[in-house]
Amino acid sequence: MKYAIEIENLTKYYGKSKGIEGVSFNVAPQEIYGFIGPNGAGKSTTIRTLLNLIFPTSGSAKIFGQDVVQHGHLLRKDIGYLPSEVFYYEKMKVKELLAYAASFYEGDHSKRIEELVTLLELDVNRRIEDLSFGNKKKVGIVVGLLHRPKLIILDEPTSGLDPLMQHTFFNLIKQENENGATVLFSSHILSEVQHLCHKVAVIKDGHIVDVQDIKAFRENTYKKITLISDAKSKDIIGSLDVADIRQYDHTLSFVYRGELDQLLKTLSSVHIQDIKIEEPSLEEVFMHYYEK
């Protein structure tokens with residue numbers, strides 16, 4: 001099988017400081033691949049090395065079977081990239097910037113730009129310096145997608161977008177995927193990854209610690225439990241798979257992974273005055289990986 005992305009033992013050091021080390025994963029054609037980890041885990045370093053914006057210390061990365069260092073200049077015409085933070089020429093109007101971006105690709109992209117601008121409700125007559133962070137992000141989305149790339153790389157793409165526009169953006173990415181595009185989606189929001197992606201890789205301290213099909217990832221149900229009880233914490237938790245345990249007086253909280261039936265069966269053996277079960281943040285989910 002020919003992969004859209006092949007990363008093997010990719011390592012990047014900044015002097016003596018480790019960025020990533022031995023990172024390996026493959027992304028199949030037309031796959032939406034989640035890439036998750038907390039700040040500083042190595043997501044952006046991996047993406048920038050993959051894009052040949054920085055050179056690897058060792059290891060290799062290929063896009064559509066071609067080495068990114070040797071053929072990066074040829075591959076870029078088929079890649080759309082949205083960084084986590086976008087910076088453009090502040091004095092340019094949006095329409096001027098989009099025309100400038102389109103000039104890097106062959107063909108007429110004016111109709112495509114008009115479609116995207118309308119969909120994202122973007123005012124093209126405003127100057128970049130007058131835009132909010134969210135509207136600058138919309139400009140980045142148009143720049144990344146105007147040439148209908150075969151590979152879309154998104155680094156924390158929804159920051160700055162309101163919930164309604166996030167929904168519009170997700171539908172847009174799904175449509176691009178259905179039209180044949182492969183997507184590498186970096187995010188710290190667990191619900192986004194579970195909703196959008198087919199597979200997910202987890203990175204911690206510069207290393208890949210887990211790769212799962214999204215169906216298996218969903219089945220590993222994570223819940224944040226907060227309860228009030230006079231019982232000892234070891235009696236409450238028993239043999240449950242938990243992490244990020246915190247206790248203050250009679251209030252106990254932890255992140256649980258597993259079936260709810262097992263959780264409720266274990267908790268029923270002690271007296272509980274109050275309980276709250278909620279979705280944990282991705283950082284709380286990562287405590288499983290940290291503690292193991």
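Considering only residues in the range 65-109 that are within 30 Å of residue 15 (Cα to Cα), of a type in the set (Phe, Trp, Tyr) and in contact (Cβ under 8 Å) with a residue 24 or more places away in the chain, the one that is surrounded by the fewest Cβ atoms within 10 Å (Cβ to Cβ) turns out to be 88.
Which of the residues spanning the range 121-172 are surrounded by fewer than 19 Cβ atoms within 10 Å (Cβ to Cβ), touching a residue at least 40 places away in the same chain (Cβ under 8 Å) and under 16 Å from residue 189 (Cβ atoms)? The answer is 159, and nothing else.
Could you please find all residues in the range 88-113 being under 27 Å from the mean Cα position of the chain (by Cα) and assigned to a helix (DSSP H, G or I)? Within the range 88-113, 94, 97, 98, 101, 102, 112, 113 qualify.
Residues of the range 13-68 that are of a type in the set (Ser, Thr, Tyr) and within 21 Å of the chain's Cα centre (by Cα): 24, 33, 44, 45, 46, 49. Restricted to the range 118-202, the set of helices (runs of 4 or more DSSP H) holding at least 2 residues that are under 30 Å from residue 222 (Cα atoms) comprises 163-178, 190-196.
Only residues that are of a type in the set (A, V, I, L, M) and assigned to a loop (DSSP other than H, G, I, E, B) were counted in the range 12-70, giving 5. Looking across the range 198-220 at every residue that is surrounded by fewer than 19 Cβ atoms within 10 Å (Cβ to Cβ) and touching an Asp or Glu at 6+ places or on another chain (Cβ under 7 Å), the one that is nearest to residue 42 (Cα to Cα) is identified as 207.
Quick grid of which residues meet (1) under 14 Å from residue 142 (Cβ atoms); (2) charged (D, E, K, R):
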{"position": "85", "(1), (2)": "no, yes"}
{"position": "89", "(1), (2)": "no, no"}
{"position": "96", "(1), (2)": "yes, yes"}
{"position": "104", "(1), (2)": "yes, no"}
{"position": "107", "(1), (2)": "no, no"}
{"position": "120", "(1), (2)": "yes, no"}
{"position": "125", "(1), (2)": "no, no"}
{"position": "130", "(1), (2)": "no, yes"}
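Remark: pairs (first residue in the range 198-209, in contact (Cβ under 8 Å) with a residue 24 or more places away in the chain; second residue assigned to a strand (DSSP E or B) and among the polar types (S, T, N, Q); Cβ separation under 9 Å; 6+ apart in sequence or on different chains) = 199/212; 200/212; 201/212; 202/212; 206/11; 208/24.
We did not get these values from a lab; they are worked out from the coordinates using the rules stated. Note that this is a predicted model, so its numbers are computed, not measured. Glycine also receives a Cβ, built like all others from the backbone with ideal geometry; neighbour counts cover every protein chain displayed.
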